[in-house]
Ligand SMILES: [Zn+2]
């Protein structure tokens, strides 16, 4: 089917208390693996790229490949630009056919974040059914070129969240609640699920209006993931885990087949490992069978 709007997909998820996996890609084979796994699981899915891989693969190419594959897949698919700090690149990707754009102004001061996020929201909404994600507070770790130390990370204040969402015009909201990009440094990171629920109540009761996004989804315990979904997380981002699967599976294949020079076999091995991992996430997030 053609691409669909993330907002509609995520309002359904939020109402029915599951989350849609939003998987970051750095290669086309990975993209194919994600769509095949989601199709086999009959799960709605979001494909996303951060800015560096989007520029490397070229946004035109990502849109072309993803839309051809989505057309033949029998599940709802969105294409999302993740953590973009440049207004002009947000607009470019919206022009080229991305269905969702995240403007990341979380490092800016509050008013500047609102102003630039609003510029992206207005542009995307005028173009049509393109949804916009914004972030408030800062998620620790490194995502693409944006590095935030744990001391700099600030959790999102629920009252300010309401003002931010209203004034920035965003459709999806990623509040900082203690999750981190990359690999967690402690075994039991403190994740403020209560804060997430407070924000969810303020924004989405009695009616779901602004579905919530969980950043830094790699490396949390399964019960924490379920708790986040239960407390309002509707879009669940997984990036680091897929990078590890890609590199580890390729490394494993090459080290066990040192005399073989067949790139298709290496890619097939990586694709199989990625598919298995995507199925794990879909199952954990509860989106299995939800592509209706
Ligand atoms: Zn993120």
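The values are calculated or read from the model by the stated rules, or taken from the named source; none is laboratory data. Small disclaimer: the values here were computed from a predicted structure and weren't measured. Neighbour counts are summed over all protein chains in view; Cβ atoms, including those assigned to glycine, are modelled from backbone coordinates with ideal geometry.
In the set 252, 194, 227, 207, only one residue is away from the ligand (no atom under 16 Å from the Cβ), closer than 27 Å to residue 131 by Cα and surrounded by 13 or more Cβ atoms within 10 Å (Cβ to Cβ); that residue is 227. Under the condition of being more than 14 Å from residue 79 (Cα to Cα) and either within 15 Å of the ligand (Cβ to nearest atom) or crowded, with 16+ Cβ neighbours inside 10 Å (or both), the residues counted in segment 94-119 number 11. Could you run through segment 202-221 and say how many residues are more than 24 Å from residue 77 (Cα to Cα) and touching a residue at least 12 places away in the same chain (Cβ under 8 Å)? Here the count works out to 5. Residue 268 meets each of the listed conditions (1) within 16 Å of the ligand (Cβ to nearest atom); (2) in contact with a helix residue (DSSP H, G or I) (Cβ under 9 Å, 6 or more places away or on another chain); (3) farther than 24 Å from residue 100 by Cβ apart from (1). Of all the criteria given as (1) more than 30 Å from residue 115 (Cβ to Cβ); (2) at pLDDT 95 or above, the one not satisfied by residue 84 is (1).
Residues that are surrounded by fewer than 22 Cβ atoms within 10 Å (Cβ to Cβ) and touching a helix residue (DSSP H, G or I) at 6+ places or on another chain (Cβ under 6 Å) within segment 81-93 comprise 87, 91, listed in sequence order.
Going by what's in this entry, would residue 199 be described as away from the ligand (no atom under 16 Å from the Cβ) and crowded, with 21+ Cβ neighbours inside 10 Å? Show your work before the answer.
Numbers: away from the ligand (no atom under 16 Å from the Cβ): yes; crowded, with 21+ Cβ neighbours inside 10 Å: yes.
Yes: the conditions hold for residue 199.
May I ask you to verify whether residue 134 is assigned to a loop (DSSP other than H, G, I, E, B), within 16 Å of the ligand (Cβ to nearest atom), surrounded by 16 or more Cβ atoms within 10 Å (Cβ to Cβ) and at pLDDT 90 or above?
Details: assigned to a loop (DSSP other than H, G, I, E, B): no; within 16 Å of the ligand (Cβ to nearest atom): yes; surrounded by 16 or more Cβ atoms within 10 Å (Cβ to Cβ): yes; at pLDDT 90 or above: yes.
The answer is no for residue 134.
All of 174, 169, 182 fail the test of being touching a strand residue (DSSP E or B) at 6+ places or on another chain (Cβ under 6 Å) and surrounded by fewer than 20 Cβ atoms within 10 Å (Cβ to Cβ), apart from 182.
Taking segment 161-191, which residues are more than 16 Å from the ligand (Cβ to nearest atom) and in contact (Cβ under 8 Å) with a residue 60 or more places away in the chain?
Taking segment 161-191 first, the residues more than 16 Å from the ligand (Cβ to nearest atom) are 161-169, 171, 185-188, 190.
Passing the criteria: only 171.
Beta carbons closer than 6 Å, at least 6 apart along the sequence or on distinct chains, pair a first residue in segment 222-237 that is without any contact (Cβ under 8 Å) to a residue 40 or more places away in the chain with a second that is away from the ligand (no atom under 16 Å from the Cβ) and in a helix (DSSP H, G or I) for 227/193; 231/193; 231/197. The helices (runs of 4 or more DSSP H) found entirely in segment 40-108 that carry 1 or more residues being under 28 Å from residue 272 (Cβ atoms) are 51-57, 59-72.
Return the residues of segment 72-89 that are away from the ligand (no atom under 15 Å from the Cβ) and either under 13 Å from the mean Cα position of the chain (by Cα) or without any contact (Cβ under 8 Å) to a residue 60 or more places away in the chain (or both); say none if nothing qualifies.
72, 77, 78, 79, 86, 87, 88, 89
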